[in-house]
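Here the structure comes first, spelled out in structure tokens, and everything after it is commentary.
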Amino acid sequence: MSKSPSTTRERVLETCRRLFNEKGPVAVTTAEIAATVGINEGNLYYYFKKKDQIVLALFDQFELALGEMARRQMDHIEQDKADEDSIMDFFKLAWEWRFFYRDAQSLYALAPELRERNKVLSEASHEAARRLLRHAIQHGRLKVPDAAVERLVVNAWIICTFWIEYLQVAKGVTRITKKHLELGYEQVQSLYWPYAPRGTEPRKPNWS
């Protein structure tokens, strides 16, 4: 969880993250943002002239959160913490920033430069996943043929990134809950089950 915001700008961004998660960035007006923060719209414009500036500032934070998660996971690799669950780490983060996954197309319309930034971030996520997978293979926690490594990385990324969109399009889900993300967690896990040692039990999602 993020720490409590201490400046007005931080309070604006934290409020926007919460409102965007609840309603979507298009549905949230600057008047609602200002009222929720407890400032007038003129004060809001002092920090952010347009909503796209808010979106980009939030993406900066999202990018940092993903980078911090990747670094933490690499620390776990170096310490050989086999019990750490990198898949659940991702879905916890996806819950906190779910509007970026749920509302990607409307966000691209608001801030077109996000498309290229997201591409760069995706490439970094692929590489972090490769390192984690290779470590699991080297330590005998998975038995994956070399030819299947890249397919696993790509397929896991596809599910993680587009799981919410899948629920909306294929299942008609209009409000995403943690239970929906638990189903995504289980879907990603199922990719790895055929490569796990015999008798390995699938993990249960843990939000703590």
Selected residue (only one of LYS119, LYS143, LYS178 is touching a residue at least 60 places away in the same chain (Cβ under 8 Å) and at negative phi): LYS178
Just the residues that are acidic (Asp, Glu) and open to solvent by 80 Å² or more (accessible area, probe 1.4 Å), please, taken from the range 38-72. GLU68
Could you please give the count of residues in the range 135-156 that are in a helix (DSSP H, G or I), of a type outside the set (S, T, N, Q) and over 13 Å from TYR192 (Cα atoms)? 3
One residue is enough: does the range 73-81 have a residue meeting the conditions more than 19 Å from the chain's Cα centre (by Cα) and open to solvent by less than 50 Å² (accessible area, probe 1.4 Å)? yes
Note down all Cβ pairs under 7 Å where the first residue falls in the range 11-28 and is over 15 Å from TRP95 (Cα atoms), the second is open to solvent by 10 Å² or more (accessible area, probe 1.4 Å) and polar (S, T, N, Q), and they're at least six residues apart or on different chains. LEU13/GLN61; THR15/THR36; PRO25/SER106; VAL26/SER106
Taking the range 140-168 as the region of interest, how many residues are open to solvent by 40 Å² or more (accessible area, probe 1.4 Å), of a type outside the set (D, E, K, R) and touching a helix residue (DSSP H, G or I) at 6+ places or on another chain (Cβ under 9 Å)? 7
Filter the range 169-199 down to the residues that are more than 21 Å from the chain's Cα centre (by Cα), surrounded by 15 or more Cβ atoms within 10 Å (Cβ to Cβ) and in a loop (DSSP other than H, G, I, E, B) and list them by number. ALA196
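The values are calculated or read from the model by the stated rules, or taken from the named source; none is laboratory data. Keep in mind it's a predicted model, so treat the numbers as computed, not measured. Note that each Cβ is placed from the backbone with ideal geometry, even for glycine, and that neighbours are counted across all protein chains shown. Calculation scope for accessible area: heavy atoms of the full protein, side chains included, ligands and nucleic acids excluded. Shrake-Rupley method; radii C 1.70, N 1.55, O 1.52, S 1.80 Å.
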